[in-house]
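Novice: Below is a structure I'd like to ask you about.
Where a number appears in this text, it was derived from the coordinates with a stated rule and is not lab data. The structure presented is a predicted model; accordingly, all values stated were derived computationally and were not measured. Here the Cβ positions follow ideal geometry from the backbone for every residue, glycine too, while neighbour counts run over all protein chains shown.
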Amino acid sequence: MRLIKRHVLLATFDSALISYPCPSNLNYFWNFGVLAGFCLAVQLITGIFLAMHYIPDINLAFLSVEHIMRDVNSGWLLRYVHANGASMFFLVVYVHILRGFYYGSFLHPRQFLWSSGVIILLLMILTAFLGYVLPWGQMSFWAATVITNLASAVPYVGDSIVLWLWGGFAVDQATLNRFFSLHYLFPFIIAALAFIHVIFLHEHGSNNPLGISAKIDQIPFTPYFTIKDFLGVVLFLMIFSIFVFFYPNVLGHSDNYIPANPLVTPTHIVPEWYFLPFYAMLRSIPNKLIGVLVLVFSIIIMCIVPFSFLLSPTSRLFIYSPFYKLLFWLFFFNCLILGWIGGKSIETPYYEIGQAATLFYFLFFCFLSILEVLNFNLARKK
């Protein structure tokens with residue numbers, strides 16, 4: 001113990017991963033934070049090795065991916081782990097966010113912890129989109145064309161932004177170079193933000209599922225929760241392996257195995273499954289500019305919502321009320337509906353259902369603020 005206390009690095013490691021005090025009643029939903037870090041490490045490692053063989057050239061990018069799959073030793077494994085790892089990463093992060101909503105982890109004093117996590121989600125979305133373009137298949141090319149064109153909705157400077165993103169007058173070589181560079185850079189920024197996220201976590205400790213003070217009935221992180229997290233990683237790897245070895249393409253799109261052709265537009269341009277809820281919101285708005293604003297605000301609102309509860313920072317009782325639990329599950333199923341609508345064509349009744357689901361998505365956050373105001377007034381009367 002004296003050696004640990006004398007050395008700064010050992011003392012930091014001990015306080016962060018060994019003697020770090022945690023509430024004794026944390027359940028397995030708290031494993032998803034560690035799983036998110038594990039997924040990030042997998043994506044970083046596989047991405048670095050894939051970059052060694054990938055060629056960011058519009059004439060060779062598709063062939064270089066096929067070369068990785070066919071000629072590079074274990075290249076098929078690297079590619080499938082990286083591609084399916086992105087889906088697993090988003091799945092883990094989405095569960096992590098939903099757990100935060102369910103147990104009120106976004107409330108004071110953890111608002112900065114929550115906001116840093118939302119910023120990480122935003123960077124994940126940008127990174128995944130950039131990576132989706134790199135194989136230079138049909139869906140990659142047209143997804144890049146459609147999504148980058150959304151910037152043209154910005155008044156006055158929209159067209160200039162699109163030209164800057166493209167590096168020319170169309171999605172071409174300069175676009176692929178820029179997307180590859182940013183896709184390689186962003187994961188390291190995400191890793192740095194994840195480190196900051198952990199610092200915010202250690203500032204006030206993990207949230208208690210019961211809503212009481214996190215400083216009551218604490219136990220050290222090691223060995224109690226390291227064993228729990230290890231079990232979670234093992235179970236996660238079992239599920240992950242099923243997708244990688246038996247269903248490696250089930251989460252992708254078959255059109256991306258066709259080389260990009262600017263002269264042939266796919267029948268349906270569909271993004272990856274983890275983008276579908278946001279894609280459904282975008283398509284539910286008839287006005288292009290408003291649709292883009294709704295798309296961006298759907299993420300920003302999650303970052304803002306914790307600061308709307310500073311009116312009564314010590315009160316969090318409404319999170320544990322039956323009405324809020326009902327509201328949460330309605331929000332959860334509403335997100336599933338948005339994901340389902342995102343994969344459908346724009347026609348009746350899918351268009352109307354998408355609009356209703358988009359409206360409820362934002363009403364959920366409005367209801368949270370209303371509940372907080374009512375709870376604050378009730379506390380003042382008492």
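Novice: Describe numerically, in nm with one decimal, the distance between label points set 7 Å from Cα along Cα→Cβ at VAL234 and at LEU185.
Specialist: Going by the 7 Å Cα→Cβ label model, 4.2 nm.
Novice: Under a Cβ-Cβ cut-off of 14 Å, what is the net charge of the residues other than LEU282 that fall near it, where Lys and Arg count +1 and Asp and Glu count -1?
Specialist: +3
Novice: With each pseudo-label sitting 7 Å past Cα toward Cβ, what's the ILE45-PHE297 distance in nm, one decimal?
Specialist: 4.3
Novice: Hey, with R₀ at 51 Å, roughly what FRET efficiency would TRP164 and HIS204 work out to, going by the Cβ-Cβ distance, to 0.05?
Specialist: The pair TRP164/HIS204 has a calculated efficiency of 0.80.
Novice: For LYS288, which aspartates and glutamates qualify as cross-link partners when the Cα separation must be under 15 Å and same-chain residues fewer than eight apart are set aside?
Specialist: LYS288 reaches ASP159.
Novice: Mind checking which aspartates and glutamates have their Cα closer than 15 Å to the Cα of LYS344? Skip sequence neighbours fewer than 8 apart in that chain.
Specialist: Once the sequence-local aspartates and glutamates are set aside, what remains near LYS344 is GLU272, GLU352.
Novice: Here is a further query. How many nm is it between the label spots at THR222 and SER369, if each spot is 7 Å from the Cα in line with the beta carbon?
Specialist: Calculated label separation equals 4.5 nm.
Novice: Also, I was wondering about something else. List the residues of region 89-113 whose backbone N lies under 17 Å from a point placed 7 Å from the Cα of LYS325 along the Cα-to-Cβ direction.
Specialist: Taking a point 7 Å out along Cα→Cβ of LYS325, the residues of region 89-113 whose backbone N falls under 17 Å are 99-105.
Novice: Compute the acute angle (0 to 90°) between the alpha-carbon long axis of helix 61-70 and the principal axis of greatest extent of the alpha-carbon atoms of the chain; round to the nearest 10°.
Specialist: Computed tilt is about 70 degrees.
Novice: Next question. For region 321-338 and region 130-163, what is the separation of their C-alpha centers, rounded to whole Å?
Specialist: If we compute the Cα centre of each part, the gap is 33 Å.
Novice: Please report how far the C-alpha centroid of region 64-104 lies from that of region 229-296, rounded to the nearest whole angstrom.
Specialist: Measuring centre to centre over Cα atoms gives 11 Å.
Novice: Something else about it: I want the local charge near GLN138. Using Cβ-Cβ distances under 15 Å, sum +1 for each Lys or Arg and -1 for each Asp or Glu among the other residues.
Specialist: After counting each charged neighbour, the total is -3.
Novice: Using alpha-carbon pairs under 8 Å, 6+ residues apart, how would you state the relative contact order of the chain in percent?
Specialist: Relative contact order of the chain: 24 percent.
Novice: Using modelled backbone amide H atoms (1.01 Å from N, in-plane), which distant-in-sequence or interchain residues come within less than 5 Å of CYS22's amide H?
Specialist: Here the answer is ILE219, PHE221, since their amide H atoms fall under 5 Å of that of CYS22.
Novice: Among 69-80, 121-132, how do they line up from the highest to the lowest mean number of other beta-carbon atoms within 10 Å?
Specialist: Averaged packing, sorted descending, gives the order 121-132, 69-80.
Novice: Report, in deg cm²/dmol and to the nearest 500, the calculated mean residue ellipticity at 222 nm for the chain, where each DSSP H run with n ≥ 4 adds -39500 (n - 2.57) and the sum is divided by the residue count.
Specialist: It comes out at -22000 deg cm²/dmol, rounded to the nearest 500.
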